[in-house]
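**Q** Provided herewith is a single structure, encoded as structure tokens, for subsequent inquiry.
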Amino acid sequence: MNRVLAFSGSNSSNSINQALVKYSATLVDAEIVEVIDLREFDTPIFGVDLEQEIGSPESIQKLYAKFVEADGFLISLPEHNSMMPTFFKNLLDWLSRVDRKFFQGKPIVLLSTSPGPNGGKWALQHFAGLLPRFGGVLKAQLSLGKFGEIFDRELEKVVDESALKLLKTTVEALSKENEAVSPEIG
């Protein structure tokens, strides 16, 4: 794999999912791994009237260009009330107006974490189910709970050995060609 685009679906300046995806990007076997902060592509809430008025926002055009350049994606998704954050859903709405299949048949590894034991698994499962609609090919997914126990914020890395082993196995799926989609590992 040549180029992987990594990001979280969070708009929090202290996002644990952004911390997880940033660390996980160091485990990816690719020539280039670009970690981006989606807050740099923030847009107004999607609406047909607004779209007719302004067209596709410049920030969405820039984000879509990064999607086109990527050969694969590493995404960590936070959970808000068992769903993906409105911030992330809004970006999906805008991207789907540029190209319904904006993931363009490319491989994706999904991650999620939370302070609690479930690790954001409900939002992760929901988004995983939507990927085919947007042209994404799910290679693997992993929910890691109890973020504060498994991740050292000072060292910026996973310190729990069993969580690290699961994470490495999950991330490796991104670079494995022609393998079937793996079930949720954690």
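The values are calculated or read from the model by the stated rules, or taken from the named source; none is laboratory data. Not measured: the values here are computed from a predicted model. Note that we place each Cβ from the backbone using ideal geometry, even for glycine, and neighbour counts take in every protein chain shown. To get the accessible areas, we keep the full protein, side chains included, count just its heavy atoms, and leave off ligands, DNA and RNA. Shrake-Rupley method; radii C 1.70, N 1.55, O 1.52, S 1.80 Å.
**Q** Have a look at Lys62, Lys106, Lys89 and point out the one that is surrounded by 14 or more Cβ atoms within 10 Å (Cβ to Cβ) and free of Cβ contacts under 8 Å to residues at least 24 places away in the same chain.
**A** The unique qualifying residue is Lys89.
**Q** State which residue is most open to solvent (accessible area, probe 1.4 Å) when the search covers only segment 65-86 and only residues that are on the phi < 0 side of the Ramachandran plot and polar (S, T, N, Q).
**A** Filtering segment 65-86 for residues that are on the phi < 0 side of the Ramachandran plot and polar (S, T, N, Q), the one most open to solvent (accessible area, probe 1.4 Å) comes out as Thr86.
**Q** So which helices (runs of 4 or more DSSP H) stay within segment 71-186 end to end and still have 1 or more residues that are at pLDDT 95 or above, more than 30 Å from Glu58 (Cβ to Cβ) and touching a helix residue (DSSP H, G or I) at 6+ places or on another chain (Cβ under 9 Å)?
**A** Per the criteria, 147-150, 161-172.
**Q** Now for a separate question. From (1) within 24 Å of Gln125 (Cβ to Cβ); (2) of a type in the set (S, T, N, Q); (3) surrounded by fewer than 12 Cβ atoms within 10 Å (Cβ to Cβ), pick out the condition that doesn't hold for Asn17.
**A** In the conditions (1) within 24 Å of Gln125 (Cβ to Cβ); (2) of a type in the set (S, T, N, Q); (3) surrounded by fewer than 12 Cβ atoms within 10 Å (Cβ to Cβ), Asn17 misses (3) alone.
**Q** Between a first residue in segment 46-59 that is modelled with pLDDT of 95 or more and a second residue that is in a helix (DSSP H, G or I) and among the aliphatic types (A, V, I, L, M), which pairs have beta carbons less than 8 Å apart while being 6 or more apart in sequence or on different chains?
**A** Matching pairs, first to second residue: Ser56/Val98.
**Q** How many residues are assigned to a helix (DSSP H, G or I) and in contact with a strand residue (DSSP E or B) (Cβ under 8 Å, 6 or more places away or on another chain) when one looks only at segment 35-59?
**A** Selection size over segment 35-59: 1.
**Q** Can you tell me which residue in segment 135-149 is farthest from Lys22 (Cα to Cα), limited to those that are open to solvent by less than 20 Å² (accessible area, probe 1.4 Å) and hydrophobic (A, V, I, L, M, F, W, C)?
**A** Ala140
**Q** Right, next: Which ones in segment 20-34 are free of Cβ contacts under 8 Å to residues at least 60 places away in the same chain and either surrounded by 18 or more Cβ atoms within 10 Å (Cβ to Cβ) or assigned to a helix (DSSP H, G or I) (or both)?
**A** Answer for segment 20-34, where residues must be free of Cβ contacts under 8 Å to residues at least 60 places away in the same chain and either surrounded by 18 or more Cβ atoms within 10 Å (Cβ to Cβ) or assigned to a helix (DSSP H, G or I) (or both): Ala25, Val33.
**Q** Further, regarding this structure: What tally of residues in segment 66-121 results from selecting those that are out of contact with any Gly (no Cβ under 7 Å at 6 or more places or on another chain), within 21 Å of Val171 (Cα to Cα) and not aliphatic (A, V, I, L, M)?
**A** 9
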